[in-house]
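First comes the structure, then the notes that go with it.
Throughout, read-outs are computed from the coordinates displayed, never taken from laboratory work. Worth saying up front: this structure is predicted, and the values here are computed from it rather than measured. Glycine gets a Cβ as well: all are built from the backbone with ideal geometry, and neighbour counts include every protein chain shown.
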Amino acid sequence: MKKVMLPLITGLMAVVLAACGGNEESKEAKNDDKAKTAETDQQKDQQKQMEEMQKKLEKQQVDEKKTVALVNDEKILGSDYNSVLQSTQGQMQQMGQDPTSKEAAEQVKKQTLDSLVGQTLLLQEADKKGYKASDEDVKKQLDETKKQFKTEKEFEAALKKSGMDMKTLEAQIADDIKFRQYIEKEVPAGEISDEEIQKTYDQYAEQGKSSGQEVPKLEEVKPQIEQSLQQQKQQEKLAQKVEELKKSAKIDLKI
């Protein structure tokens, strides 16, 4: 299938191109190294723990060519699953949770499949309604992505490391553009009332005061609150839309 709309270029942009620098050696440096032995050992332990965690995370992945689900006879492949899986794992880790525990692993799997099925249904609906991404729009977005890298060579290295080729990236960008067009026209967030903003601000202010933090004035944070509420409303509407589409869809989970 075509690449479903992922946290787009996130997979690509998340690739870290690290460069290792050398250290000059001297008698003073050697003495300094001895003083840092304990710290180095601790770093090695941390590195080992990170490597062990990474191995556990990778065990949750599936074969890239495996069909993990059929949505109205459209295949969702393991490569799509693994991309969203990594994003889901990362979100769970940011919340201080271990995505490799038995219970969490099931939650991660379900959340990943739900996300893929929902994205596929929405993209199918966008196709039915005739939403398209022009070559010009795709090129513009691709150029913006390339600007995040210092050189073309660095961009190509990141692309390769992310497991994508140019054709796949362009298809993903096109899906992202089409998806945003669909959301803007079919699932608008709607207006946010002053009452909703005030209520949210009061909750933030109360939490801030209870923790001893300085609370900014409403006027200073009103735009951020409004944007947050719009995103929340839109997510709720999208979830409702997916549930509606599921009623008439043929969904077959393979894992």
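Compute the length gained on full extension between Lys65 and Lys150: take 0.36 nm times their separation in residues and subtract their Cα-Cα distance, giving the result in nm to one decimal.
27.3 nm
Can you compute the FRET efficiency between Leu218 and Glu186 using 1/(1 + (r/R0)^6), with r the Cβ-Cβ distance and R0 = 25 Å? Round to the nearest 0.05.
Efficiency, from the Cβ-Cβ distance: 0.20.
Pull out the extension gain between Gln235 and Asp137, defined as 0.36 nm times the separation in residues minus the alpha carbon to alpha carbon distance; nm, one decimal.
32.8 nm
In sequence order, what are the phi-derived ³J(HN,Hα) couplings for the stretch 164-179 according to the Karplus relation 6.51 cos²θ - 1.76 cosθ + 1.60 with θ = phi - 60°, rounded to whole Hz, with x for glycine and proline?
10, 10, 4, 4, 5, 5, 4, 5, 5, 4, 4, 5, 5, 5, 4, 5
Using a cut-off of 19 Å between alpha-carbon atoms, which lysines can reach Lys48, once sequence neighbours fewer than 8 places away in the same chain are excluded?
Reachable lysines: Lys36, Lys56, Lys59.
How long is the gain from Lys209 to Ser101 if the chain were fully straight, where each residue apart is worth 0.36 nm and the alpha carbon distance is subtracted?
On the way: separation 108, 0.36 × 108 = 38.88 nm, distance 3.60 nm.
Additional length available on full extension: 35.3 nm.
Residues of the stretch 229-255 with amide nitrogen under 18 Å from the 7 Å Cα-to-Cβ point of Glu74?
Counting backbone N atoms under 18 Å from the label point, the list is 238-254.
Can you compute the modelled spin-label distance between Met53 and Lys128, with each label point 7 Å from Cα toward Cβ, in nm?
4.2
Stokes-Einstein diffusion coefficient for the stretch 153-192 at 10 °C in a medium of 1.306 mPa s, Rh from the Kirkwood formula over Cα pairs: what value in µm²/s?
The Stokes-Einstein estimate is 132 µm²/s.
Please list, in order along the stretch 66-76, the HN-Hα scalar couplings obtained from phi with the Karplus expression 6.51 cos²θ - 1.76 cosθ + 1.60 (θ = phi - 60°), rounded to whole Hz, x for Gly and Pro.
Each residue of the stretch 66-76 in turn: 6, 7, 8, 6, 10, 10, 6, 6, 8, 7, 10 Hz.
Calculate how large, on average over all directions, the projected area of the Cα convex hull of the stretch 53-158 is; give the answer in nm² to one decimal.
Across all orientations, the stretch 53-158 yields a mean hull projection of 9.1 nm².
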